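Asks: There's a structure below that I have some questions on.
What follows is calculated from the coordinates using simple rules that are stated; it is not laboratory data. If you're wondering where the values come from, they're calculated on a predicted model, not measured in any experiment. We place every Cβ from the backbone using ideal geometry, glycine too, and count neighbours over all the protein chains shown.
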Amino acid sequence: MDSVRTDVVDFYIKLGTKVVDASHDQDTTDLHKCVSFICDFTPDLEKSKLCILVAGALGGRFDHEVGNINVLCRFKDTRIILISDDCLIHLLPKAQNHEIHVLSSVVGPHCGLIPIGMPSRSTTTTGLQWDLSDTEMKFGGLVSTSNIAKGETVTVHSDSDLLWTISIKKSQDSSP
Amino acid sequence: MEVVHHSSAFLLPSVAPDHRPSLNYALIVLNQRLPRFTPLLWQHAQLRLCADGGANRVFDEMPGLFPHEDAVAVRNRYKPDVIKGDMDSVRTDVVDFYIKLGTKVVDASHDQDTTDLHKCVSFICDFTPDLEKSKLCILVAGALGGRFDHEVGNINVLCRFKDTRIILISDDCLIHLLPKAQNHEIHVLSSVVGPHCGLIPIGMPSRSTTTTGLQWDLSDTEMKFGGLVSTSNIAKGETVTVHSDSDLLWTISIKKSQDSSP
């Protein structure tokens, strides 16, 4: 609670918002604390249907961005999507067959696959302009950035955890 | 073991002669909003490149950093030496304007395997005599923000050119590589940077990192994504030292009260 203003907290408390002061815990970021809260709040039976959307996850200080990305890596079994004005990012855990449905009215076509945390010996994709085929990826070598999602579906299978990122289209209405 | 010195002296209004190391700066401007201190970086640089749409940014936004001056005069003064990239973003009117002033335009659109930043870094390295390479420091303005895959592509350029000093710069922070197995000494110029900082094991887990000068120092500590990554750390004094078995990214915040003019 070192950033939120007192007048803001007071306003929302009056409306019934619950305020949880976690300042005693200096080892985890605010995002981590919130994700933990949501996971604790969610009955186990519901966890597979849970998807956490994080607005304002990118931009600003780079170490904050990295801290947010690390939360994706720490909570690998939870669907968490980092969202900014320009793009979204989520984890594709290793050794799973991932199918990404590209809703082209709202996202794409610019996308990328990033070997976060360690090199990836083998990744195979379909549906990208520059598909990977049992391809190695690592920082200092090939990292799939500025790729293009060609169709409605992109599939990914990797031996390593990857970050998937795709651009968000500019012509979004802000109101539902 | 030799110590590798790092300094953000390029953010000071003038490079004081006693600030080690003495470096030759080159500037690359990418296609993001110009950091407010871009004129300062421009002043320090001996070679100024725009990566493709970065030329639009210089043309459009540099006059705004000098609101009391005539826009044309500002544009004439801040003329890039080179515009390089695949040329799919830079506007024709911008290219024509700078060509008339003598800017060299290098169309590298045939090469789809490397980013515009990679092309510009290669150009600068090829342009720099071997004897001068150890003193070269490439500043990259507009390296963060916007699309995340672009950011990652920029960070990967740091990893591909590990032997070259390259510093990614935005309005909020700077990032550079600390290659593994070296004794790094980071001089924290607290009038312009800090205190918020971080160390990031990019590319692979780090078995052992040791630091001094941080609020939460590391001591033969393991770092990896999914575990500990040193973010939201604080640089306590004038010097931070880092030694790691693995390549790390160092990032530190840039103070807001920067003057834009040198």
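Asks: Could you tell me which of rounded, prolate or oblate describes region A:1-84, using a ≥ b ≥ c as the square roots of the eigenvalues of the alpha-carbon gyration tensor, with rounded for a/c under 1.5 and, failing that, prolate when a/b is larger than b/c and oblate otherwise?
Replies: On the way: a/c = 1.79, a/b = 1.20, b/c = 1.49.
Oblate, since a/c reaches 1.5 and b/c is not below a/b.
Asks: List the aspartates and glutamates whose Cα lies under 14 Å from the Cα of B:K133, skipping any in the same chain that are fewer than 8 positions away.
Replies: B:D163
Asks: Ok, one more. Starting from the 7 Å offset along Cα-to-Cβ, what nm value, one decimal, do you get for the label separation of B:A71 and A:V4?
Replies: The answer from the label model is 4.4 nm.
Asks: Using a Gaussian network model of chain B with C-alpha springs under 10 Å, which one of B:I124, B:I175, B:I99 is most mobile by mean-square fluctuation?
Replies: B:I99
Asks: Here is a further query. Using the basic label-point model (7 angstrom from Cα toward the beta carbon), what is the A:S133 to B:K100 distance in nanometres?
Replies: Result: 5.0 nm between the two label points.
Asks: Quick one: grab the alpha carbon gyration tensor of region A:64-176, order the square roots of its eigenvalues as a ≥ b ≥ c, and give me rounded if a/c is under 1.5, else prolate or oblate depending on whether a/b is larger than b/c. Don't jump to the answer; show the numbers that get you there.
Replies: Details: a/c = 1.77, a/b = 1.25, b/c = 1.41.
Note, shape of region A:64-176 comes out oblate.
Asks: Among the aspartates and glutamates, which fall within straight-line cross-link reach of A:K138, defined as a Cα-Cα distance under 13 Å, with same-chain neighbours fewer than 8 residues apart omitted?
Replies: A:D159, A:D161, B:D247
Asks: Neighbour counts of other C-beta atoms within 10 Å: give me B:C125, B:C120, A:C111, B:C137 arranged from fewest to most. Mind dumping the intermediate values first?
Replies: Working: B:C125 16, B:C120 30, A:C111 27, B:C137 21.
Fewest-to-most Cβ neighbours within 10 Å comes out as B:C125, B:C137, A:C111, B:C120.
Asks: For region B:128-163 and region B:199-214, what is the separation of their C-alpha centers, rounded to whole Å?
Replies: For region B:128-163 versus region B:199-214, the Cα centre distance is 20 Å.
Asks: For chain B, set up a Gaussian network in which alpha carbons nearer than 10 Å are linked by springs, and say which option among B:P179, B:P67, B:P80 fluctuates the most.
Replies: Most flexible of the set in this elastic network: B:P67.
Asks: If I build a Gaussian network model for chain B, linking alpha-carbon pairs within less than 10 angstrom, which residue out of B:T241, B:T164, B:T128 has the largest mean-square fluctuation?
Replies: It is B:T128.
Asks: Please work out how much length the chain gains when fully extended from A:V106 to A:L53, using 0.36 nm per residue of separation minus the C-alpha to C-alpha distance, in nm with one decimal. Don't jump to the answer; show the numbers that get you there.
Replies: Values: separation 53, 0.36 × 53 = 19.08 nm, distance 1.58 nm.
Between A:V106 and A:L53, full extension yields 17.5 nm more.
Asks: Report, by chain and number, residues whose modeled amide H sits under 5 Å from the one on B:N24, excluding near sequence neighbours (fewer than 5 apart, same chain).
Replies: Residues meeting the criterion, in which the H sits 1.01 Å from N, are B:L136, B:C137.
Asks: A further question on this structure: State which entries of A:K18/A:K47; A:K14/B:K224; B:K79/B:K162; A:K49/A:K169; B:K84/B:K224; B:K104/B:K180 exceed 31 angstrom in Cα-Cα distance in the structure shown. Don't skip to the end; give the middle numbers.
Replies: Working: A:K18/A:K47 22 Å; A:K14/B:K224 42 Å; B:K79/B:K162 29 Å; A:K49/A:K169 26 Å; B:K84/B:K224 36 Å; B:K104/B:K180 37 Å.
Among A:K18/A:K47; A:K14/B:K224; B:K79/B:K162; A:K49/A:K169; B:K84/B:K224; B:K104/B:K180, the Cα-Cα distance tops 31 Å for A:K14/B:K224; B:K84/B:K224; B:K104/B:K180.
Asks: HN-Hα J couplings of region B:147-162 from phi, Karplus 6.51/-1.76/1.60, θ = phi - 60°, integer Hz, Gly and Pro as x?
Replies: 6, 5, 5, 5, 4, 5, x, 5, 5, 5, 5, 4, 6, 6, 10, 4
Asks: Per residue of region B:120-129, in order, report the coupling 6.51 cos²θ - 1.76 cosθ + 1.60 (Karplus, θ = phi - 60°) as ³J(HN,Hα) in whole Hz, putting x for Gly and Pro.
Replies: Calculated HN-Hα couplings, in order: 5, 5, 4, 4, 5, 5, 5, 6, 9, x Hz.
Asks: If you don't mind, there's one more thing I want to ask. Can you tell me, using C-alpha contacts under 8 Å and at least 6 residues apart, the relative contact order of chain A as a whole percent?
Replies: Value for chain A: 21 percent.
Asks: Using the Cα gyration tensor of region B:10-93, with a ≥ b ≥ c the square roots of its eigenvalues, what is the shape: rounded (a/c below 1.5), prolate (a/b larger than b/c) or oblate (neither)? Please report the intermediate quantities before stating the final value.
Replies: Working: a/c = 2.40, a/b = 1.43, b/c = 1.68.
Judged from the Cα gyration tensor, region B:10-93 comes out oblate (a/c at least 1.5, b/c at or above a/b).
Asks: State, as an integer percentage, the relative contact order of chain B based on alpha-carbon contacts under 8 Å between residues 6 or more apart.
Replies: Working: 560 pairs, mean separation 54.9, N = 262.
Dividing the mean separation by the residue count of chain B yields 21 percent.
Asks: Give the cross-link partners of B:K256 among the lysines, using a straight C-alpha distance below 20 Å as the criterion and excluding same-chain residues fewer than 8 apart.
Replies: Partners found: B:K236.
Asks: Quick one: which residues, 5+ away or cross-chain, put their amide H under 5 Å from the amide H of B:V4? H built at 1.01 Å from N.
Replies: B:N183, B:H184, B:E185
Asks: Please list the non-local residues whose amide H lies under 5 Å from the amide H of B:W216, H modeled 1.01 Å from N, same-chain partners needing a gap of 5 or more.
Replies: B:I234
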